[in-house]
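The values are calculated or read from the model by the stated rules, or taken from the named source; none is laboratory data. Not measured: the values here are computed from a predicted model. Quick reminder, even Gly has a Cβ in these numbers, built from the backbone with ideal geometry, and neighbours come from all protein chains shown. Side chains are part of the model used for accessible areas, which takes the heavy atoms of the whole protein and leaves out ligands, DNA and RNA. Shrake-Rupley method; radii C 1.70, N 1.55, O 1.52, S 1.80 Å.
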Amino acid sequence: MTGLPPTNPPLHHLFHPDNSDAYASAIRTSLDRLLVQLDSVRGPVTGLAPDLAERPVREIDLDEPLGDSGAALDEACKLWLNDAVWFHEPTYAAHLNCPVVIPALMGELLMAAVNTSVDTFDQSVGGTFMERHLIDWTAQRIGFSTGADGIFTSGGTQSNLQAMLLARAEATARGATLGQLRILVSEDSHFSLRTAARLLGLPPAAVVEVPVDEARRMDARELRRALEQCADRGEVPMAVVATAGTTDFGAIDPIEALAALSRSHDAWLHVDAAYGGGLLASRRRRPLLAGIEQADSVTIDFHKTWFQPVSSSALIVREGRMLGHATWHADYLNPRGAAMPNQVDKSLQTTRRFDAIKLWLTLRVMGADAIGDYFDAVIDLAHEVYDQARAFEDIEFAAPPRLSTLVFRYTGRHGNQEEDQLNRTIRSTLFSRGTAVVAATKVDGRQFLKLTLLNPKATLADIAGIIEQIREVGAELDGALVGAAPRGPLA
Ligand SMILES: *Cc1c(COP(=O)(O)O)cnc(C)c1O
């Protein structure tokens, strides 16, 4: 450092009416870059390896600003955008990432510049009520009656954590101790429930995995047995979690049967509809969520099957007053008895993005039916692909599709162990070639590949093409294996 910093910092970088030309020009420059980039995308990924992606990033000295937005954008393009993963590409079929709808992007632009924070009315004004209106609308779609409430969150992980916090508070209010509490989930439920249990001070044994049936839904008879076992041992079932759309299989647990069992054992029923929540907008498949209105709380990820940019999720509760379990009154923000409305009373976050504006603009421009039709289209596509690919002798499906995922493995001429490695290598080969991005998962200890379809513009030919690539690469690698020593290149 030489000398003292200037007392009058240059203010031309601040968002301010004086700088609106600079702002507009910066946005336009970014937009132009993005459009040029979009035009040159030739696949879902370039296949850059982690070490090659990391090195140039590490070389940047963050204490030496470039002082020029064009140069900084060039640099960011080199480090990120040129090799970004593009969820709008039909051959991206890995995780629950969606291409995003344009109305939501308008909201993202406005929200970021205004920097609204929806914790209190005096930081958001209309935003507070737009969020509340969307929560009420979602609660109505679920089938909750008046008295329901909820809050936008950063994602399903946070929504599930908050749901478990409320369930824990209800159980301990009735006298249960932490050590007695049990959360009953299907063996295919999302891992965030396990981290939630850990954060809430519950021992690992608190999460009880209930077996699934042949359709990979929680087996209600097994749940009954597990609940009876809890009672016999003096344990307290604080929550039953029904997953509406498991991450791997899209399976929807039998919510009505689980609701009845939860009620008879005084357990909180949480429905994790992070994935299947899009069915609330579907004109054809809404009945798949039958019973969801009997839940105590519901997780919905708008940034999955509602085609919203990350982040956008919500926790909706049947009885709004339950959200009070998360409330803390701070003198400076939300004092007890304050006249000003606020959302921070209901949230685990304090400063919070106005993510609701994205869904708001989406509904006002497109309407919910259009979103539901998008989701229906990718579910239809998964079924069409399955009908075609199930005939292949070298492809083994773990289960028929339920929502928009396909779980299968390439079967070569070797034993299971070589095949596990073979499938892992197929996946990494496609990624490094940049021709397709697919996911992997284990089913009963065996390695499988997974396609998650969330792109309504993808066609049967696009997805059949991914399976064709998998079979070709599989045959190539399998052939190499035949000629190789027992511990060959894939061992
Ligand atoms: C994705 C997912 C989550 C976690 O949601 P995030 O938004 O990624 O935090 C939870 N449950 C299920 C069933 C999911 O598919």
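Work out the length of the dipole vector of segment 242-309 about its Cα centre, built from +1 on the beta-carbon of each Lys and Arg and -1 on the beta-carbon of each Asp and Glu, and round it to the nearest 20 debye.
Using Cβ point charges on Lys, Arg, Asp and Glu, segment 242-309 gives about 400 debye.
Quickly work out the THR195-to-ALA49 label distance, labels modelled 7 Å from Cα along the C-beta direction, and quote it in nm with one decimal.
The two pseudo-label positions are separated by 2.9 nm.
For the chain, with only Lys/Arg (+1) and Asp/Glu (-1) charged at the beta-carbon, what is the dipole magnitude about the Cα centre, in debye rounded to 20?
In debye, rounded to 20, the chain gives about 920.
Can you give me the C-alpha center-to-center distance between segment 306-359 and segment 240-264, rounded to a whole angstrom?
Taking the Cα centre of segment 240-264 as reference, the centre of segment 306-359 is 26 Å away.
According to a simple spin-label model (label point 7 Å from Cα along Cα-to-Cβ), what is the distance in nm between ASP32 and ASP63?
Taking the two extended label points, one gets 3.4 nm.
What relative contact order, as a whole-number percentage, does segment 184-324 give when Cα pairs under 8 Å and 6 or more residues apart are counted?
Computed value for segment 184-324: 18 percent relative contact order.
Any chance you could count the Lys pairs in the chain whose alpha carbons are under 18 Å apart, treating pairs 8 or more apart or on different chains as valid?
Number of lysine pairs found: 4.
Calculate, for ARG225 and THR177, the FRET efficiency according to 1/(1 + (r/R0)^6) with r their C-beta to C-beta distance and R0 30 Å; round to the nearest 0.05.
Using R0 = 30 Å, I get an efficiency of 0.80.
Okay, which of segment 97-121 sit inside 19 Å, backbone N to the point 7 Å along the Cα-Cβ direction of ALA72?
109-115
Which whole-number percentage describes the relative contact order of the chain, with Cα contacts under 8 Å and a sequence gap of 6 or more?
Here the relative contact order equals 20 percent.
Tell me which of THR459, GLY474, PHE431 sits at the most positive position along the dipole axis of segment 369-481, charges placed on C-beta atoms (Lys, Arg +1; Asp, Glu -1).
Farthest towards the positive pole: PHE431.
Return, ordered by residue number, the residues of segment 15-35 whose backbone nitrogen is under 20 Å from a label point located 7 Å along Cα→Cβ of ILE102.
27-35
Given the chain, what percent of its DSSP beta bridges are antiparallel, to the nearest 5?
In the chain, approximately 55 percent of DSSP beta bridges are antiparallel ones.
Mean 1/r over all different Cα pairs, inverted: what Kirkwood radius does segment 369-481 give, in Å?
Hydrodynamic radius (Kirkwood, Cα pairs) of segment 369-481 is 14.3 Å.
Can you tell me the order of 270-278, 245-253, 81-89, 131-139 when each peptide is scored by its average per-residue count of other Cβ atoms within 10 angstrom, highest first?
Listed from highest to lowest mean packing, they are 270-278, 245-253, 131-139, 81-89.
Taking θ as phi - 60°, what are the ³J(HN,Hα) couplings along segment 367-378 by the Karplus curve (6.51, -1.76, 1.60), each to the nearest whole Hz, with x for Gly and Pro?
Along segment 367-378, the couplings run x, 5, 4, 5, 5, x, 5, 4, 5, 4, 4, 6 Hz.
Relative to the present Cα-Cα distance, how much length would full extension add between TYR332 and TRP80 at 0.36 nm per residue of separation?
Full-extension gain reported as 86.7 nm.
Using the Karplus curve 6.51 cos²θ - 1.76 cosθ + 1.60 with θ = phi - 60°, what ³J(HN,Hα) values do you get for each residue of segment 45-61, in whole Hz, with x for Gly and Pro?
Running phi through 6.51 cos²θ - 1.76 cosθ + 1.60 with θ = phi - 60° gives 6, 8, x, 4, 6, x, 5, 6, 6, 7, 3, x, 5, 4, 6, 6, 8 Hz.
Once you treat every alpha carbon in the chain as an equal point and sum by Debye, what is log10 I(q)/I(0) at q = 0.08, 0.11 Å⁻¹?
-0.58, -1.05
Compute the FRET efficiency between ASN8 and HIS88 as 1/(1 + (r/R0)^6), taking r as their Cβ-Cβ distance and R0 = 30 Å, and round to the nearest 0.05.
E between ASN8 and HIS88, to the nearest 0.05, is 0.10.
Are there chymotrypsin sites (Phe, Trp or Tyr not before Pro) in segment 288-374 that DSSP puts in a loop and that have at most 10 other Cβ atoms within 10 Å, and which ones?
Passing sites in segment 288-374 are TRP328, TYR332.
Hey, can you grab everything whose amide H is under 5 Å from the amide H of ALA84? Only 5+ residues off in sequence or another chain; H modelled, so Pro and N-termini drop out.
Here the answer is none, since no amide H 5 or more places off falls under 5 Å of that of ALA84.
Would you kindly state how much longer the chain becomes between ARG321 and ARG413 on full extension, computed as 0.36 nm times their sequence separation minus their alpha carbon distance, in nm to one decimal?
This chain segment gains 27.2 nm when fully extended.
Rounded to the nearest whole Å², what accessible area per residue is found for segment 369-481 with the 1.4 Å probe?
40
What percent do you get for the relative contact order of segment 114-365 when only Cα pairs under 8 Å and 6+ apart count?
28
How big is the charge dipole of segment 369-481 about its Cα centre, in debye rounded to the nearest 20, if each Lys and Arg gets +1 on its Cβ and each Asp and Glu gets -1 on its Cβ?
420
At 1.4 Å probe radius, can you tell me the per residue accessible area of segment 114-365 in Å²?
For segment 114-365, the per-residue accessible area is 40 Å².
Share of segment 114-365's accessible area from carbon and sulfur, percent, 1.4 Å?
51
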